[in-house]
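Below is one structure, written out as structure tokens, with a few remarks after it.
The values are calculated or read from the model by the stated rules, or taken from the named source; none is laboratory data. None of these values were measured; they are calculated from a predicted model. Cβ coordinates were reconstructed from backbone atoms using ideal geometry, including for glycine residues, and neighbour counts include every protein chain displayed. In case anyone asks, the SASA skips ligands and DNA or RNA and just uses the protein heavy atoms, side chains included. Shrake-Rupley method; radii C 1.70, N 1.55, O 1.52, S 1.80 Å.
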Amino acid sequence: MSVAFTREEDYEAQAADLPDRPISPHPNLVTPQGLAQIEAELAAARAAYAAAQVEGGVSADRTAMARATRDLRYWSARRASAQLREPPADADKLAFGGEVTFEREDGRTSTFRIVGEDEADPAKGAVSYVSPLAQALLGKAVGDTALVAGQEVEILAIR
């Protein structure tokens, strides 16, 4: 057998063996926006899977099919385990789905929304409820202090 065929077969085997995306052991709490995001990702995974099937064939790159299959499994599992949590009606204490503004010892202020793991994007002001930041702040009220990254912070506002 030619070396070219061996390499092709090795590449195809590796493409088909993509590891599954890890699924968190924590409860899959989601905000309404997070649930919509999961559903959009699931629809995109279904579309990618359908597209990969259409393009399928012996000569086709199996990486697209393997990636689509992996993503479809992940987003299907995340949708099936999603536990919708509405934003808190009472903003006296920070809870899942709430937004908090706090001031650091050096005078800088930060605002974050506490969301589910798939929705988290710290650059956009959304942190996972299992993150150390969220764990330090959940249950706190305006005027309370908390230890965040070795610094004391004061809660200024909760929405």
Mind jotting down the three principal axis lengths of the chain based on Cα atoms? Whole angstrom, largest first.
73, 31, 23
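Mind checking the range 29-108 for trypsin sites (Lys or Arg not before Pro) that DSSP puts in a loop (not H, G, I, E or B) and that have at most 15 other Cβ atoms within 10 Å? Provide the component values of the computation, followed by the final result.
Values: sites: R46, R62, R67, R70, R73, R78, R79, R85, K93, R104, R108; in loops: R85, R104, R108.
Answer in residue order: R104, R108.
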Taking the Cα centre of the range 31-104 as origin, sum charge times position over the Cβ atoms of Lys and Arg (+1) and Asp and Glu (-1), and report the length of that vector in debye to the nearest 20.
400 debye
Given the chain, what percent of its DSSP beta bridges are antiparallel, to the nearest 5?
75 percent
Within the chain: Cβ-based charge dipole about Cα centre, in debye rounded to nearest 20 (Lys, Arg +1; Asp, Glu -1):
280 debye
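In whole percent, and with a 1.4 Å probe on the protein chains, what portion of the accessible area of the chain is carbon and sulfur?
54 percent
Over all directions, average the projected area of the Cα convex hull of the range 41-108 and note it in nm². Intermediate results must be reported in sequence, preceding the final value.
Values: hull surface 32.9 nm².
Quarter of the Cα hull surface area: 8.2 nm².
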Within the chain, which whole H helices from DSSP have a Cα span along their axis of at least 30 Å and a mean Kyte-Doolittle hydropathy of -1.0 or more, if any?
32-55
accessible surface per residue for the chain, probe 1.4 Å, DNA/RNA/ligands not counted, whole Å² -> 59 Å²
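Quick check on the range 67-106: take the gyration tensor over C-alpha atoms, sort the square-rooted eigenvalues as a ≥ b ≥ c, and tell me if it's rounded (a/c under 1.5), prolate or oblate. Numbers along the way, then the final one.
Values: a/c = 6.44, a/b = 2.04, b/c = 3.15.
Judged from the Cα gyration tensor, the range 67-106 comes out oblate (a/c at least 1.5, b/c at or above a/b).
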